[in-house]
Amino acid sequence: MSVPGFHRPATVEEAAKLLACTEGARCLAGGATLVAMMNASLAEPKAIVSLAGIGELSGISVLAGGGLRIGAMTRHRETAEDARLTGTLAVLRDAARQIANPPVRNMGTIGGSIAFADPAADYPPALVAAGAEIEIASASGRRRVAAEAFFVDWYTTALGPGELVSAVLLPPPRPGAGLHKKLARVSGDFAIVSVALSLARQPSGVAARIAIGGCGPKPLHIAEVDAMLTARLGDADTARSAGERLAAASDPVDDVRASADYRRLVIPRLVAAAVAEARTALEAK
Amino acid sequence: MTVALKINGAAKAVEAGLSDTLLTVLRDQCLLTAAKRGCNQGVCGACTVLVDGRPQRACLTLAANCEGATITTLEGLKRDPTMMRLQKTFASLGAVQCGFCTPGILISAHWLLARNPAPAIDEIRAGLSGNLCRCTGYRKIIDAVAAAGRTAAEAGA
Amino acid sequence: MRVEGSFVVSAPRERVFAEITNPALMASCIPGCEAIEVVDPKTYRARILIEVGPIKARFNLVVEVTAEEPPARVLSVTRGEEGTRASVISANSELRLEPTAEGATTVHYLSEVSVTGRLGKFGLGVMKKKAEALGAKFAETFRGKIEVAAVP
């Protein structure tokens, strides 16, 4: 078989080498973004490195130590259906379940999604809330970056030339709850605003991690806001202040989905709703 | 620039360039025109086909990336009992107007019933959430999928 | 979309005006500017490469200065395209220079930009953020050149 410019390597290392050495090469994961851009003439890659043939990249596995490894080519459908994403990791499963619709969830992958870093995508804030790390592969080996450091700017990640996402690494799930609350025009659409919240049961109470999506170049996460919510999760005023703090720090766009002003108005309301829902889920356990 | 594909149970060699999608190849070379080009962005669902048994967007699938995959279009499900039941209820309950969305909807509905033989209304809505229809307002489509599920249960299928 | 901003340069207004209307200097300050050509005293051609994530767009622009009021104001009209007319861009811009009490200059820029075609489809929201980021980078580079040169 020979389609000029099309490559289907068998290993991550081969893929990384091809990416580094082939002019104008782009990785093909699920195709949900790249092929859509090609169809719209927004991308015209001279070469394509398909990751479909690389076994190592697919599936979710448990690591020694109890953490989880999600291969970059794992489809949203699989992530949405994996029961091991529970407790403090449930936020990620909830995010995957709300991406697009069933056929697109059969195609889209976590690696492809985060590599494109759409500011309104669902995984970025959920990965920050879940405390994930991103494993990056190149011809010279692997490195890891905290999710928060992986998303750098509008549609820009920490990936350098010749690098690709090989896996998402998660800490072991701990007792708790989490959700990904998304405001969108229709179900499955990109978020106008999204709130990713992960709660961990502690002996002393509950520890919260919250990140906002759709309101800036990358997921919005402020350690002090986590601390505010951790200290007084059940207090409505605290939830409102936390939301207002996040709204003040946000940098939303005006676009076809909503105005920047509207997004800033929504953030505190969505945060309050997310906190209330997550607390209910936690108490129900 | 030949790609070897498996379509509806048969081997088929097609000509494909780097940017040719499965949708283009199915319609233009294989003359399998059930899958339609609606938006070419993966949003509308009119191009939905089965790849390795699961609904995917043919417009977002590169033909070159399909070697080794099993592709099934609506034409390939002509004699499938669930599909025949769906087509019967769609016709009898008025779930088809212009018909443009219908092949994609039937593929999604078929997969839904394969995993959930007697789905509730909200499960049908979720299962078809990736297919847009501009004509019917969806009510009769949902009724037809529900009816196809029911008749299967009644027939003890 | 409206792109606007301002920045302060530690240099007198007359000097800033002279430099900001100097095409060779501007070429070196505009991020992504690959070439500037003076067609006539009021018309410039420019080629600017702008990247947002994986999308690279090379704009071919023609800038026409429609009014010049030294040392205070410049009005210009920009027209251009990228990708062999895959996108079409047009902009009306105003540059205003105001002296500060300390003898420095505040530069105000305001552009009404319209983009149609494939980039228009992508989502004007992030393009505005990109334009603002480019404006900030321009300001930093311009300041760097003018302020350094002023030191004897």
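The values are calculated or read from the model by the stated rules, or taken from the named source; none is laboratory data. Since the model is a prediction, treat every value here as computed from it, not as a measurement. With ideal geometry, Cβ positions are generated from the backbone for all residues, glycine too; neighbour counts draw on all protein chains shown.
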Original post:
Across segment A:258-285, what is the number of residues that are surrounded by fewer than 17 Cβ atoms within 10 Å (Cβ to Cβ) and not in a helix (DSSP H, G or I)?
Top reply: 3
Original post:
For segment C:108-139, how many residues meet the condition of being in a helix (DSSP H, G or I) and in contact (Cβ under 8 Å) with a residue 60 or more places away in the chain?
Top reply: 15
Original post:
If you take the residues in segment A:40-58 that are touching a strand residue (DSSP E or B) at 6+ places or on another chain (Cβ under 7 Å), at pLDDT 95 or above and within 7 Å of another protein chain (Cβ to nearest Cβ), which one is surrounded by the fewest Cβ atoms within 10 Å (Cβ to Cβ)?
Top reply: A:Ser50
**OP:** For B:Gly76, work out the one condition from (1) touching a residue at least 12 places away in the same chain (Cβ under 8 Å); (2) surrounded by fewer than 16 Cβ atoms within 10 Å (Cβ to Cβ) it doesn't fulfil.
**Re:** (2)
**OP:** For A:Ser204, state whether it is among the hydroxyl-bearing types (Ser, Thr, Tyr), more than 19 Å from the chain's Cα centre (by Cα), within 23 Å of A:Arg174 (Cα to Cα) and not assigned by TED's automatic domain parsing to the domain that holds A:Phe116.
**Re:** yes
Original post:
In segment A:175-201, which residues are polar (S, T, N, Q) and in a strand (DSSP E or B)?
Top reply: A:Ser194, A:Ser198
**OP:** Within segment A:212-227, identify whether any single residue is touching a helix residue (DSSP H, G or I) at 6+ places or on another chain (Cβ under 7 Å), under 18 Å from A:Ala115 (Cβ atoms) and in a strand (DSSP E or B), and answer yes or no.
**Re:** yes
Original post:
Given the conditions (1) in the same structural domain as A:Ala15 (by TED's automatic domain parsing); (2) touching a residue at least 24 places away in the same chain (Cβ under 8 Å); (3) hydrophobic (A, V, I, L, M, F, W, C), which single one is not true for A:Met73?
Top reply: (1)
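Scan segment A:158-174 residue by residue and report those that are small (Gly, Ala, Ser), out of contact with any helix residue (DSSP H, G or I) (no Cβ under 7 Å at 6 or more places or on another chain) and part of a loop (DSSP other than H, G, I, E, B).
Of segment A:158-174, the ones small (Gly, Ala, Ser) are A:158, A:160, A:162, A:166-167.
With out of contact with any helix residue (DSSP H, G or I) (no Cβ under 7 Å at 6 or more places or on another chain) added as a condition, the list becomes A:160, A:167.
Of everything in segment A:158-174, just one residue is small (Gly, Ala, Ser), out of contact with any helix residue (DSSP H, G or I) (no Cβ under 7 Å at 6 or more places or on another chain) and part of a loop (DSSP other than H, G, I, E, B), namely A:Gly160.
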Original post:
Only one of (1) more than 24 Å from C:Val39 (Cα to Cα); (2) touching a His at 6+ places or on another chain (Cβ under 9 Å) fails for C:Gly144. Which number is that?
Top reply: (2)
Original post:
Among the listed residues A:Ile192, A:Ile114, which satisfies the condition of being in contact with a Pro (Cβ under 7 Å, 6 or more places away or on another chain) and within 14 Å of chain C (Cβ to nearest Cβ)?
Top reply: A:Ile114
Subject >> Candidates B:Thr33, B:Thr70, filtered to the one that is in contact with a strand residue (DSSP E or B) (Cβ under 9 Å, 6 or more places away or on another chain) and not hydrophobic (A, V, I, L, M, F, W, C) >> reply: B:Thr70
**OP:** Tally the residues that are under 11 Å from the mean Cα position of the chain (by Cα) and part of a loop (DSSP other than H, G, I, E, B), restricting the search to segment B:70-104.
**Re:** 2
Original post:
In segment A:22-36, which residues are surrounded by fewer than 23 Cβ atoms within 10 Å (Cβ to Cβ) and either of a type in the set (Lys, Arg) or without any contact (Cβ under 8 Å) to a residue 12 or more places away in the chain (or both)?
Top reply: A:Arg26, A:Ala36
**OP:** Give the residue that is modelled with the highest pLDDT, with candidates limited to residues of segment A:112-125 that are more than 9 Å from the chain's Cα centre (by Cα) and not hydrophobic (A, V, I, L, M, F, W, C).
**Re:** A:Gly112
Subject >> Any chance C:Ser93 is surrounded by 15 or more Cβ atoms within 10 Å (Cβ to Cβ) and either of a type in the set (A, V, I, L, M) or within 13 Å of chain A (Cβ to nearest Cβ) (or both) >> reply: no
Original post:
Of these, C:Leu134, C:Leu75, C:Leu97, which one is closer than 20 Å to C:Tyr44 by Cβ and touching a helix residue (DSSP H, G or I) at 6+ places or on another chain (Cβ under 6 Å)?
Top reply: C:Leu97
**OP:** Select from segment B:12-22 the residues that are touching a strand residue (DSSP E or B) at 6+ places or on another chain (Cβ under 8 Å), within 12 Å of chain A (Cβ to nearest Cβ) and not β-branched (Val, Ile, Thr) and write down the one among them that is farthest from A:Asp189 (Cα to Cα).
**Re:** B:Ala13
Subject >> Residue satisfying all of: in segment B:105-145; surrounded by fewer than 19 Cβ atoms within 10 Å (Cβ to Cβ), assigned to a helix (DSSP H, G or I) and of a type in the set (Gly, Ala, Ser); nearest to the other protein chains (Cβ to nearest Cβ) among these >> reply: B:Ala126
